[in-house]
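Asker: Before anything else, here's the structure in question.
The values are calculated or read from the model by the stated rules, or taken from the named source; none is laboratory data. Computed from a prediction, not measured in an experiment: that's the story for all the values here. Cβ placement follows ideal geometry from the backbone for every residue including glycine, while neighbour counts extend to all protein chains displayed.
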Amino acid sequence: MSEGKRQYPFSLVSVRIVQYILGFLTLALGVIIILRSDFGAGSWDATVANLSLLLNSTLGVASLIINFTIFTIILLFRRRKAYLLIIVPVIMMSLAIDFWDILIIPDSWLSGSNFLVRLVFFVLGITILPLGLALIITTNFRAGTVDELMLLIMDYFKTKKVFFIRLFIEILAIVLAIIFSFLANKSLGAVNYGTLLIAFLLPPILSFHVYWIRKIIYEKKIKHFI
């Protein structure tokens, strides 16, 4: 994941801040679209949704709890004050999810829609969600907690291979989501066949989005990303 020199105007902090905020809004939009399609949420989103069912809270509050827990783990391993800034994406993600979930896209959206319509939006969500992640990662600001956890594991094992590390993290989330759903007596909750599909599709789609964004933002050729 060599980064090279930033191209103008992406060297401007103001532009990167806009990209950062847009990344969280895009990520949260992808989350809600996938949830509304009812094919099964992404692994960490299923974890959030099932914890929300267990606690009878909003998705944003459940997201805050999970991300703050991961944030604490990262601090324990990194042991640097700079990582306190991860609290910013923790809060932003929580607000962005509740923004789309409560204010913009109602629960009834897509309810009663046929299989094909829901499938189209499911595929759209799978594309949008990792795009949001890629927008966040490529700003070089603190990424979301799951992405920082991915980077922590990559540093620990001294690897630049995103695919396998991200796949491990996604499977871990599915296990947690199933535990929360059974504790809530909701069977599998937001876990469905779509959850497994997203777990395997997200890493290569994320790698693709990060690759083409870095090709625009950075001058140097990128090697050995996937």
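Asker: Hey, can you tell me all the residues within the range 112-145 that are outside any helix (DSSP H, G or I) and of a type in the set (Phe, Trp, Tyr)?
Answerer: So the first thing to find is which residues in the range 112-145 are outside any helix (DSSP H, G or I), and the list is 112-114, 138-144.
Selection gives Phe141 alone.
Asker: Can you go through Ala184, Ala173, Ala177 and tell me which one is small (Gly, Ala, Ser) and within 13 Å of the chain's Cα centre (by Cα)?
Answerer: Values: Ala184 fails: within 13 Å of the chain's Cα centre (by Cα); Ala177 fails: within 13 Å of the chain's Cα centre (by Cα).
The conditions single out Ala173.
Asker: Show the residue pairs that are 6+ apart or on different chains and have beta-carbon atoms under 8 Å apart, the first residue being within the range 67-85 and touching a residue at least 12 places away in the same chain (Cβ under 8 Å) and among the hydrophobic types (A, V, I, L, M, F, W, C), the second being part of a helix (DSSP H, G or I) and surrounded by fewer than 13 Cβ atoms within 10 Å (Cβ to Cβ).
Answerer: Between residues of the range 67-85 that are touching a residue at least 12 places away in the same chain (Cβ under 8 Å) and among the hydrophobic types (A, V, I, L, M, F, W, C) and residues that are part of a helix (DSSP H, G or I) and surrounded by fewer than 13 Cβ atoms within 10 Å (Cβ to Cβ), the close pairs are Phe77/Tyr156.
Asker: Run Lys160 past the list (1) basic (Lys, Arg); (2) closer than 26 Å to Leu75 by Cα; (3) not in a loop (DSSP other than H, G, I, E, B) and report the number of the one that doesn't hold.
Answerer: Evaluating Lys160 over (1) basic (Lys, Arg); (2) closer than 26 Å to Leu75 by Cα; (3) not in a loop (DSSP other than H, G, I, E, B) leaves (3) as the failure.
Asker: Only one residue in Ser43, Ser63 is in contact (Cβ under 8 Å) with a residue 12 or more places away in the chain, within 23 Å of Gln19 (Cβ to Cβ) and among the hydroxyl-bearing types (Ser, Thr, Tyr), so which one is that? Give the derivation first.
Answerer: Working: Ser43 fails: within 23 Å of Gln19 (Cβ to Cβ).
None of the other options fit; the residue is Ser63.
Asker: Now, a different point. If you check Ala96, Ala41, which single one turns out to be surrounded by 14 or more Cβ atoms within 10 Å (Cβ to Cβ), within 15 Å of the chain's Cα centre (by Cα) and part of a helix (DSSP H, G or I)?
Answerer: Numbers: Ala41 fails: part of a helix (DSSP H, G or I).
Ala96 is the lone residue from the list that is surrounded by 14 or more Cβ atoms within 10 Å (Cβ to Cβ), within 15 Å of the chain's Cα centre (by Cα) and part of a helix (DSSP H, G or I).
Matching residues to (1) surrounded by fewer than 17 Cβ atoms within 10 Å (Cβ to Cβ); (2) under 22 Å from Ile32 (Cβ atoms); (3) acidic (Asp, Glu):
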site: Leu133; (1), (2), (3): no, yes, no
site: Gly144; (1), (2), (3): no, yes, no
site: Ile153; (1), (2), (3): yes, no, no
site: Phe180; (1), (2), (3): no, yes, no
site: Ala184; (1), (2), (3): yes, yes, no
site: Tyr193; (1), (2), (3): yes, yes, no
site: Pro204; (1), (2), (3): yes, no, no
site: Tyr211; (1), (2), (3): yes, no, no
site: Ile217; (1), (2), (3): no, no, no
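Asker: Quickly run through the range 112-156 and pick out the residues that are free of Cβ contacts under 8 Å to residues at least 60 places away in the same chain and polar (S, T, N, Q).
Answerer: Listed by number, the residues that qualify are Ser113, Asn114.
Asker: Of the residues in the range 99-108, how many are surrounded by fewer than 15 Cβ atoms within 10 Å (Cβ to Cβ) and either modelled with pLDDT of 90 or more or within 12 Å of Ala28 (Cα to Cα) (or both)? Break it down into steps so the answer makes sense when it comes.
Answerer: Of all residues in the range 99-108, those surrounded by fewer than 15 Cβ atoms within 10 Å (Cβ to Cβ) come to 102-104, 106-108.
Now drop any that are not either modelled with pLDDT of 90 or more or within 12 Å of Ala28 (Cα to Cα) (or both), which leaves 102-104.
Selection size over the range 99-108: 3.
Asker: Counting only residues that are surrounded by fewer than 17 Cβ atoms within 10 Å (Cβ to Cβ) and in a helix (DSSP H, G or I), how many does the range 66-82 have?
Answerer: Initial filter on the range 66-82 (surrounded by fewer than 17 Cβ atoms within 10 Å (Cβ to Cβ)): 68-69, 72-73, 75-82.
Still in the running and in a helix (DSSP H, G or I): 68-69, 72-73, 75-78, 81-82.
Qualifying residue count, the range 66-82: 10.
Asker: Tally time: how many residues in the range 12-50 are of a type in the set (Val, Ile, Thr) and in contact with a strand residue (DSSP E or B) (Cβ under 9 Å, 6 or more places away or on another chain)?
Answerer: Of the residues in the range 12-50, the ones of a type in the set (Val, Ile, Thr) are 13, 15, 17-18, 21, 26, 31-34, 47-48.
In the following step, the residues that additionally are in contact with a strand residue (DSSP E or B) (Cβ under 9 Å, 6 or more places away or on another chain) were identified as none.
Count: 0.
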